[in-house]
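First comes the structure, then the notes that go with it.
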Amino acid sequence: DLVVDLGDTGIKIQPTMYGVFFEDINFAADGGLYAEMIKNRSFEFTLPKTGWIEPNSDRHSYNKESGIMSVVKYAGDAQNHNYARVKVNNDQGYVLINEGFRGMGVAKDAEYKLSLKAAKNSGNIQRIKFQLLDSLDNVLGETAIVPESDSWSTYESKFTASKSEMKAKVKITFEGTGVIDLDMISLFPTDTWMGREKGLRKDLVQLLYDLNPGFLRFPGGCIVEGRTLARRYQWKKTVGDIEEREILVNRWNTEFNHRPTPDYYQSFGLGFFEYFQLSEDLGAEPLPILGCGIACQFNTGELVPLDELDPYVQDALDLIEFANGDTNTAWGKVRADMGHPEPFNMKYIGIGNEQWGPEYIERYAIFEKALKAKYPEIIIVSGSGPFPDGDYFEYGWEQLKQMNAEIVDEHYYRPPQWFRDNATRYDSYDRNGPKVFAGEYAAQSVAIASPENENNWDCALSEAAFMTGLERNADLVYLTSYAPLMAHADAWQWTPDMIWFNNLESYGTANYQVQKMYSTNAGTDLLTITEDEKTLIGQDGLYASAVKDSTTGELIVKIINTESHPQALKLTASNGNLGNTGTVSTLQSNDLQVVNSFESPDKISPKESTLAVSNGMVEVTAEPYSMNVIKIKIL
Ligand code: AHR
């Protein structure tokens, strides 16, 4: 029999306990959350015609053919380096096509907004037609602009699609002959999250919003570090006018990928301002992670010499000013000019992603000193390396403890069994040391990041069991997040992932449903739950944790059954009384291999039922392979 002690443990569940970790991996930003439909809108990719097709042009017969597009560099040192010069020779059908991010998702009756910059160069191009086409070249919607000026001017137009299509493309047709320059050719749905112009994909943000996340960690992951230092994420290049945000090859583009994606770049249309804004929309604490002067460990591991670390440290100091500084400060003014004069009230900053060893510690120490000197109130999250347990991991933790580090970020991508076995992981951690951020974790059904990995119920259920251990250790574990968060079905590099999407649809995996069960039932105070005075950490395949929600006055108990048979349980309370009825919300399947999918997004989704409490006791059956969240009012 299970007994919940309703007496106060004095342990609070941190509001940050269950958060999300966003990394631009698997086309999560460009091609995903960021709703831009044109790939390489500004012709800045290393191969600058990437994404653009000229079906009727032949480079070998330049003047004879219908026309040609060249990529030209702007004079001077603008961050927007390139534009396209289109030369239309005759009326023989020169067209330019943009293929989108594995096609473009077009929804029937949805409105789209085209915008571009154009400058007439010579001749007379009178009209430029933009059409959305399906795979058979049927027109789904169209608009046109009439270029008027020989200096750079912005043109905009809206139109509505007549039909849905998952893999549309844009065809650009030129009327007249001559030369015209084009840049920032952009197409967005107008129905974005919060209706923001050039904003975020509504369905994807909604999935995040529904998690009620305690924090939003961004922008990664390995992309923080870059494959080389030169290609690290530099937040200052991601704010201000989107035209001036200098594009970067994504760390997940080609090398050291399980699935190379050579057309993977970062336009930074989703940049640091937008991440802070998204955090605010989600009611989540912003948790930016900055590079610490070490390139991605899986690649070069390039190091910045200690005496050359100043610009990196300055970036961190300036970020705090950008987020929190008043509008008279240099970076506070940048934020205000972008439309957010109020501070973002950032409380946390992460220094280094998944780094370890003496090289990390000596760099971290320099950041810590400078940050704490100027902003003593900022809470610094430090790293501890990738797959904990090795010597380096021990080294990092020991040093960080000695330095009185505040929160240490741990990452683990392990088999499902490891998660079930590690529900006790934090029971023995030193309570006098740093707090824990379980910043990246996910059960791997085959092997770490194997392309064969599945987001199956076995993995999700194992994570659910493990998470009782996170919750039971809420005095130590302050933040947790599954990783990676999102993946495009046609453009991923890493599996498993919590949310899958294509150009039109998205769904939460079984793992998402588990996260949601925890994050929407986080409670405020930890309680003790025992069976025969013992914590339930896998005996008979049962795991349990309990919290109280002091705002609703409810007891919330999570019970996970990892066995293949049902288990009848009786639950009573000590040191308080339970109300007469309750509810139970259950995730369950007899098949551990089952997955949610685009076709069946709800295979693993909560089923609700009511519970009777009789004489202070609740009888509940934990079905085979189930996660159960019981809620009962406390009298
Ligand atoms: O989540 C995928 C990657 O795993 C992250 O970018 C990195 O931090 C970790 O190694």
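The values are calculated or read from the model by the stated rules, or taken from the named source; none is laboratory data. This one's a predicted model, so the numbers in the text were calculated from it and none came from an experiment. Cβ atoms come from the backbone with ideal geometry, glycine included; neighbour counts cover every protein chain shown.
The lone criterion from (1) surrounded by fewer than 17 Cβ atoms within 10 Å (Cβ to Cβ); (2) part of a strand (DSSP E or B); (3) under 31 Å from the mean Cα position of the chain (by Cα) left unmet by T530 is number (3). Regarding region 180-194, can at least one residue be identified that is closer than 25 Å to I242 by Cα and in a helix (DSSP H, G or I)? Yes, because at least one residue in region 180-194 is closer than 25 Å to I242 by Cα and in a helix (DSSP H, G or I).
Just a yes or no: is a residue in region 429-452 under 20 Å from C296 (Cβ atoms), touching a Cys at 6+ places or on another chain (Cβ under 8 Å) and either buried (at least 24 other Cβ atoms within 10 Å of the Cβ) or at pLDDT below 95 (or both)? Yes: one or more hits.
Being outside any helix (DSSP H, G or I), in the same structural domain as T228 (by TED's automatic domain parsing), out of contact with any Cys (no Cβ under 6 Å at 6 or more places or on another chain) and at pLDDT 95 or above is the requirement here; does I320 meet it? Criteria not met by I320.
Here E197 does not fit the description of being assigned to a strand (DSSP E or B) and touching a strand residue (DSSP E or B) at 6+ places or on another chain (Cβ under 9 Å). Going residue by residue through region 329-351, is there one that turns out to be crowded, with 18+ Cβ neighbours inside 10 Å, within 12 Å of G293 (Cα to Cα) and in contact with a Phe, Trp or Tyr (Cβ under 8 Å, 6 or more places away or on another chain)? Looking for residues that are crowded, with 18+ Cβ neighbours inside 10 Å, within 12 Å of G293 (Cα to Cα) and in contact with a Phe, Trp or Tyr (Cβ under 8 Å, 6 or more places away or on another chain), one finds at least one in region 329-351, hence yes. One residue stands out in region 411-422 among those that are part of a strand (DSSP E or B) and touching an Asp or Glu at 6+ places or on another chain (Cβ under 8 Å): the one that is nearest to A460 (Cα to Cα), namely Y413. Only one entry of Y518, Y512 meets the criterion of being assigned to a helix (DSSP H, G or I), under 14 Å from the mean Cα position of the chain (by Cα), of a type outside the set (V, I, T) and surrounded by 22 or more Cβ atoms within 10 Å (Cβ to Cβ), and that entry is Y512. With respect to being farther than 19 Å from G385 by Cα and free of Cβ contacts under 8 Å to residues at least 24 places away in the same chain, S450 falls outside the description.
Residue under question is E471, and the condition is that it be outside any strand (DSSP E or B), within 29 Å of S564 (Cβ to Cβ) and in contact with a strand residue (DSSP E or B) (Cβ under 9 Å, 6 or more places away or on another chain); does it hold? It is true that E471 is outside any strand (DSSP E or B), within 29 Å of S564 (Cβ to Cβ) and in contact with a strand residue (DSSP E or B) (Cβ under 9 Å, 6 or more places away or on another chain).
Only one of the listed residues (I289, I247) is of a type in the set (V, I, T), closer than 26 Å to R102 by Cβ and in the same structural domain as N26 (by TED's automatic domain parsing). That residue is I247.
Could you tell me how many of the residues in region 318-363 are more than 16 Å from the ligand (Cβ to nearest atom) and either over 24 Å from the mean Cα position of the chain (by Cα) or charged (D, E, K, R) (or both)?
23
What residue, of V594, V618, is at pLDDT 95 or above, touching a Phe, Trp or Tyr at 6+ places or on another chain (Cβ under 7 Å) and more than 23 Å from D427 (Cα to Cα)? Being at pLDDT 95 or above, touching a Phe, Trp or Tyr at 6+ places or on another chain (Cβ under 7 Å) and more than 23 Å from D427 (Cα to Cα) holds for just one of V594, V618, which is V594. Annotation: of all residues in region 435-452 being of a type outside the set (D, E, K, R) and assigned to a strand (DSSP E or B), the one that is farthest from the ligand (Cβ to nearest atom) is V436. One residue is enough: does region 182-195 have a residue meeting the conditions at pLDDT 95 or above, more than 31 Å from the chain's Cα centre (by Cα) and assigned by TED's automatic domain parsing to the domain that holds A110? Within region 182-195, one or more residues are at pLDDT 95 or above, more than 31 Å from the chain's Cα centre (by Cα) and assigned by TED's automatic domain parsing to the domain that holds A110. Tallying residues that are away from the ligand (no atom under 16 Å from the Cβ) and either buried (at least 24 other Cβ atoms within 10 Å of the Cβ) or more than 23 Å from A29 (Cα to Cα) (or both) within region 457-502 yields 21. The single residue among S600, S626, S564 that is without any contact (Cβ under 8 Å) to a residue 24 or more places away in the chain and at negative phi turns out to be S600. Of the helices (runs of 4 or more DSSP H) that lie entirely inside region 202-292, those containing 2 or more residues that are more than 16 Å from the ligand (Cβ to nearest atom) and of a type in the set (S, T, N, Q) span 272-282.
Take the residues of region 526-547 that are among the acidic types (D, E) and closer than 20 Å to S574 by Cα: which is modelled with the highest pLDDT? Ranking the qualifying residues of region 526-547, first place goes to E531.
When you look at A28, is it within 16 Å of the ligand (Cβ to nearest atom) and surrounded by 15 or more Cβ atoms within 10 Å (Cβ to Cβ), yes or no? Yes; evaluated as a whole, the condition is true for this residue. Candidates are the residues of region 533-568 that are among the hydroxyl-bearing types (S, T, Y) and in a strand (DSSP E or B); the one that is nearest to M627 (Cα to Cα) is Y543. Condition first: in contact with a strand residue (DSSP E or B) (Cβ under 8 Å, 6 or more places away or on another chain) and polar (S, T, N, Q). Can you find one or more residues in region 71-79 that meet it? Within region 71-79 (the criterion being in contact with a strand residue (DSSP E or B) (Cβ under 8 Å, 6 or more places away or on another chain) and polar (S, T, N, Q)), the answer is no, since none of the residues qualifies. Can you tell me which of F159, F174 is crowded, with 21+ Cβ neighbours inside 10 Å and in contact with a strand residue (DSSP E or B) (Cβ under 6 Å, 6 or more places away or on another chain)? Selected residue: F174, the only one of F159, F174 that is crowded, with 21+ Cβ neighbours inside 10 Å and in contact with a strand residue (DSSP E or B) (Cβ under 6 Å, 6 or more places away or on another chain).
Residue under question is P213, and the condition is that it be surrounded by 20 or more Cβ atoms within 10 Å (Cβ to Cβ), within 23 Å of I289 (Cα to Cα) and out of contact with any Gly (no Cβ under 8 Å at 6 or more places or on another chain); does it hold?
Spelling it out, it is not the case that P213 is surrounded by 20 or more Cβ atoms within 10 Å (Cβ to Cβ), within 23 Å of I289 (Cα to Cα) and out of contact with any Gly (no Cβ under 8 Å at 6 or more places or on another chain).
Per the conditions (1) polar (S, T, N, Q); (2) in contact with a strand residue (DSSP E or B) (Cβ under 8 Å, 6 or more places away or on another chain); (3) within 14 Å of the ligand (Cβ to nearest atom), the sole criterion not satisfied by T424 is (3).
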